[in-house]
Amino acid sequence: MIFSQHIEVPSYLCDIDDRLHTWAAVRVCQEVTEHHGNITGIGFDKLLEQNHAWVITRALYNIYKLPNAYEEIDLSTWSRGNNGLIAMRDYRMLSATGEELLTGTSYWAMIDMSSRRVVRLNDVIAHYEDHDMLATEHATLDKIKLPEMSGDTPALQTPATFAMLDHTRHVNNSEYIKLIFDVLHGVGFDTHKPFTLELNFQLETRFGELLTIHHRQTDGVHYLQIINPRALSVAARISPLA
C-alpha cells in the first residue's frame with residue numbers, strides 16, 4: 001500500500017545553493033507516483049493502451065526543508081482512495097536521519113487522451129488499493145480563492161515551449177512551478193524558510209500558447225494566477241509554514 005524509494009539528490013535538480021529546486025521536489029514526487037503506478041498496473045504505459053492518462057488537478061506541499069545535492073532521502077507515496085472521478089495521493093519525504101523534509105497531498109483525474117475529457121475511474125480500474133493515512137493535515141483540498149489581479153501588470157509572460165511538454169502532450173505541472181518561483185525570486189521570497197505551496201490545475205496549456213503570470217502579495221501570502229489564451233490555467237497560493 002505504501003511505496004518508497006531511496007534517492008540520492010542529483011545536482012542537476014538543484015539551485016545556486018545546491019539545494020533541491022521546489023519544482024524538482026514536485027517532479028520527483030511525480031516520478032515516485034509513476035513507479036508506484038507501474039508496479040500496481042496503473043502506470044502511464046498500461047493506461048495508454050486504453051488511451052487514458054493521469055492528470056493532476058490539485059496539490060498541496062508542506063516544504064519544511066529542501067535537501068542538498070547528493071543528500072540521500074526516502075520518498076514515500078500511497079493512494080488515499082477515490083470518489084469515482086478523483087484519486088487522492090499523499091507523499092512524505094524524509095532525510096537519511098528521519099527528518100521530515102516534505103509532506104504532500106494531491107488529486108488526480110484520468111482523462112481520455114483523444115477527447116481530453118475526464119473518465120470514471122471504475123470504468124478503467126477494476127481494483128484500486130488504498131491506505132487510509134494522512135501525510136498532511138488536509139483530508140480534502142479546497143479551491144483556491146484568488147484576489148482580483150487580472151488588471152495588474154503581468155509579472156511574467158512566456159510561450160509554452162516544446163521543452164515544457166510531457167508525455168500527455170501538455171505543459172507539465174512542475175513547469176508552472178518553475179515560472180511561479182521565477183516570479184517569487186524577483187520579490188525576494190526565501191525558500192530556505194518553511195512554506196506551503198498550494199496549486200489548482202484548471203486548464204491544460206498546449207505548445208506555443210502564451211502564458212501570462214500575475215502576482216499579488218497579501219498579508220505575507222503570495223497569490224499567483226497563470227493564464228493561457230483560453231482561460232485560467234493555474235492558481236497558486238504560497239504561505240509561510242509555522
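No lab work stands behind these numbers, since they all come straight from the coordinates. Bear in mind the structure is a predicted one, so any value in this text is a computation, not a measurement. Counting neighbours? That spans all protein chains shown, and the Cβs are built from the backbone with ideal geometry, glycine included.
Observations on the model:
- Some residue of the range 140-150 being over 22 Å from the mean Cα position of the chain (by Cα) and surrounded by 11 or more Cβ atoms within 10 Å (Cβ to Cβ): yes
- Members of the range 11-47 found to be assigned to a loop (DSSP other than H, G, I, E, B) and either within 22 Å of residue 195 (Cβ to Cβ) or without any contact (Cβ under 8 Å) to a residue 60 or more places away in the chain (or both), listed by number: 15, 16, 17, 18, 21, 41, 43
- Filtered by the rule that a residue be of a type outside the set (Val, Ile, Thr) and buried (at least 16 other Cβ atoms within 10 Å of the Cβ), the range 167-188 gives 170, 172, 173, 174, 175, 176, 178, 179, 181, 184.
- Here the range 20-41 is the region considered, the condition is being small (Gly, Ala, Ser) and more than 12 Å from residue 174 (Cβ to Cβ), and the residue that is surrounded by the fewest Cβ atoms within 10 Å (Cβ to Cβ) is 41.
- Looking across the range 89-119, the residues that are surrounded by fewer than 22 Cβ atoms within 10 Å (Cβ to Cβ), under 19 Å from residue 172 (Cα atoms) and among the hydrophobic types (A, V, I, L, M, F, W, C) come down to 108, 109, 111, 113, 118.
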